[in-house]
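Here, each number is a calculation from the coordinates, and none is a lab measurement. Since the structure is predicted, the reported quantities are computational estimates derived from the model, not experimental observations. Because the Cβ atoms are built from the backbone with ideal geometry, glycine has one as well, and the counts that use them run over all protein chains shown.
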Amino acid sequence: MTRTQKTGTMVRGGRAVVVGGMGLAALVLAAAPAFAKGSVDISAPHTAHVGRTFTVTAHGDDDAASYLRVCLEDRRAGSAWHRVSCGAVAASGTDARSAAHIRTAHGGVLQFRAVVYGLTTPHDRHPVRERTSGPVRVNVH
């Protein structure tokens, strides 16, 4: 049976239109780029003593780049982030790691974070920041 809408057009095969639209949506979703997978983790002690050495470590991975490097950054009292150390370049598919041995001369709160950089070659001079960890706090007294 055929019916006429108020616009005067004929509507037929509504089910075919819906099925065709769902098929088109499935094609569009399949062609969309996949999101890169990866993670970054950082560990540091909760407290440290002035003049004593403590260790901050980080590791991360990301499948968006051919090579990876993890760097550690620190800051004190809301100032800008400063690079502390960077680990060796690692091929994608393996964890990139970094460690820093920190000795402070002043008490207070230090914050550390890890940053994963993606590189196209092992000697890439323009790495791209892929992931950044949340900050961890170390109370130095």
- Starting with the highest mean, order 69-81, 109-121 by the number of other Cβ atoms within 10 Å, averaged over the residues of each peptide. 109-121, 69-81
- Contour minus Cα-Cα span, Ser92 to Val109, at 0.36 nm per residue, comes to 2.7 nm
- Task: Compute the signed sum of charges (Lys and Arg +1, Asp and Glu -1) over the other residues within less than 13 Å, Cβ to Cβ, of Trp81.
- Result: +3
- Task: Take segment 55-141, drop everything but the C-alpha atoms, weight them equally and run the Debye formula without solvent; then report log10 I(q)/I(0) at 0.17, 0.24 Å⁻¹ to two decimals.
- Result: -0.67, -1.10
- Query: Considering amide H positions built from the backbone, and no H for Pro or chain starts, which residues 5 or more places from Val84, or on another chain, come under 5 Å of its amide H?
  - Reply: Leu72, Glu73, Asp74
- Ordered by residue, what ³J(HN,Hα) values in Hz, to whole numbers, does segment 103-115 give under the Karplus form 6.51 cos²θ - 1.76 cosθ + 1.60, where θ = phi - 60° and Gly and Pro are x? 10, 9, 9, 10, x, x, 10, 10, 10, 10, 9, 10, 10
- Message: Give me a comma-separated list of calculated 3J(HN,Hα) values for segment 128-141, in order, Karplus coefficients 6.51, -1.76, 1.60 applied at θ = phi - 60°, integers in Hz, x for any Gly or Pro.
- Response: 10, 5, 9, 9, 9, 7, x, x, 10, 9, 10, 8, 9, 9
- Which ³J(HN,Hα) values in Hz, rounded to whole numbers, follow from the phi angles of segment 48-63 under the Karplus curve 6.51 cos²θ - 1.76 cosθ + 1.60, where θ = phi - 60° and Gly and Pro get x? 8, 9, 4, x, 9, 8, 10, 10, 10, 10, 8, 8, x, 8, 6, 8
